Structure formats: structure tokens, C-alpha cells
1. Say whether the condition of being part of a helix (DSSP H, G or I), without any contact (Cβ under 8 Å) to a residue 40 or more places away in the chain, touching a helix residue (DSSP H, G or I) at 6+ places or on another chain (Cβ under 8 Å) and surrounded by 14 or more Cβ atoms within 10 Å (Cβ to Cβ) is met by at least one residue in the stretch 83-98.
2. It is to be established whether one or more residues within the stretch 151-174 are modelled with pLDDT of 90 or more and surrounded by 12 or more Cβ atoms within 10 Å (Cβ to Cβ).
3. For the structure I just gave you, tell me whether K102 is open to solvent by 60 Å² or more (accessible area, probe 1.4 Å), among the charged types (D, E, K, R) and over 26 Å from A136 (Cβ atoms).
4. When the stretch 27-61 is examined, which residues are found to be open to solvent by 50 Å² or more (accessible area, probe 1.4 Å) and either β-branched (V, I, T) or in contact with a Cys (Cβ under 6 Å, 6 or more places away or on another chain) (or both)?
5. Which one of G116, G69 is open to solvent by less than 60 Å² (accessible area, probe 1.4 Å) and at pLDDT 90 or above?
6. Considering only the stretch 10-26, how many residues are closer than 16 Å to D75 by Cα and either of a type in the set (D, E) or open to solvent by 20 Å² or more (accessible area, probe 1.4 Å) (or both)?
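The values are calculated or read from the model by the stated rules, or taken from the named source; none is laboratory data. From a predicted model like this one, the values you see are computed outputs, not experimental measurements. Reconstructed Cβ throughout: ideal geometry from the backbone, glycine too, with neighbour counts over all protein chains shown. These accessible areas exclude ligands, DNA and RNA; they are computed on the full protein's heavy atoms, side chains included. Shrake-Rupley method; radii C 1.70, N 1.55, O 1.52, S 1.80 Å.
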Amino acid sequence: MQLTILVVTSSMIVQGVVDGTGKFIDAVAGFPGSAHDARVLRNSNIYQEAEQGNIPQAPQVDIDGNDIGPYLVGDSAYPLTPWLIKPFPERINDPDQKTYNKELSRARVVVERAFGILKGRWRVLQKRLDSSLNFAINTTIACIVLHNFCIEANDDWDDDNDDGPANNDGNNNVVVGDADEIRGTLKDFVCGNV
């Protein structure tokens, strides 16, 4: 999930990983607005940690003979990897795959809501920053840290008037390892076929 911020005459991408409470557990800022989501991910610390098997770490569940979870959930612009699950391509006719995509989209709502609250709470992120790129990056990261403090302090945010970021449903079908099999297993589980 990403947020684009305008800086002087260009734009900057902010990519974040959010937990179930809407708290940012990882964020990277400063890539140009024209950068693809997958490129930003590949150049982030979370990618390096996940590729080395350091994250995500938690108990796995056996589903139909496959060890499943935990996984990061991304939209279709991200690559499908053994640690990052994304939807099936949109032009599908399989009802189980459509059901799986709908459930995965519901899981991503937490991330979209976190970015919406971040932008709503810290309105400086909604307008052009007439400053240097470094200042814009530092301002953005400071807003993310303050956002996390607010969540820890149970400072609720009324986001009724905030639609959150647009959904990027471009398609990137990079399959790594047995990620496609994992996604299929999760689809079957979600649809009650296991």
C-alpha cells in the first residue's frame, strides 16, 4: 500500500506495512511518484528481511497438507512471493478465485484505513510540501511515528469524511517459489473447499 505526496515539483511515494490495529510496523518514503510499487518494495528493508526469512514469523497452520501463514497482504501491483500474498488477476471467471479476492480485499481495508487516518490526522500530507526531499521524507516519517503514538494512546480518529487512498489494481503476475500454490490453498480454504 502506498501514499503519494507532492514535493515541490515532483511526487514521492510512501509505502507502509500495517498491523491489524492500523499501526505502521514498517514504512519507506522518498521514491519518486513514478516508481512502481514492486520496485519500491524490492528496495525496502522489509523486502530484504522477508527474503532472508526473518519476517513474518509466527506459528504456521496446516491447511490441506500445506504450512500456511503468516503473510503480508498486498494489492495486485505487488509480486506474489512465499511471504506476500496478492489477489488473483481481475479478469477471472472462477467463482472461488473471486471470493478469495473479495476476502483478501477485506483484509487490505485495514491498510487503506491506516493511510486514510494518517492523511486525515496530519493534513500536511495532503498538500504539496514546498521543501527539500529530505525534509518531506522526515516530515512524513514523523507523521507516521505520531500516528503510531496516537494508536497506542487509544486516540481514536473520526474518518467518516475520508475515503482513503485509491486502490491500485494493476496486474503484476510475478510468481516466486510455491507462492501460487499457497494462494490456491488459501483460496480453497476461504471458499470452504478444504
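1. no
2. Yes, that holds for at least one residue.
3. Numbers: open to solvent by 60 Å² or more (accessible area, probe 1.4 Å): yes; among the charged types (D, E, K, R): yes; over 26 Å from A136 (Cβ atoms): yes.
Spelling it out, K102 is indeed open to solvent by 60 Å² or more (accessible area, probe 1.4 Å), among the charged types (D, E, K, R) and over 26 Å from A136 (Cβ atoms).
4. I55, V61
5. Numbers: G69 fails: at pLDDT 90 or above.
One residue alone meets the criteria, G116.
6. Within the stretch 10-26, the subset closer than 16 Å to D75 by Cα is 13-19.
Now narrow it down to the ones that are either of a type in the set (D, E) or open to solvent by 20 Å² or more (accessible area, probe 1.4 Å) (or both): 17-19.
Residues in the stretch 10-26 being closer than 16 Å to D75 by Cα and either of a type in the set (D, E) or open to solvent by 20 Å² or more (accessible area, probe 1.4 Å) (or both): 3 in total.
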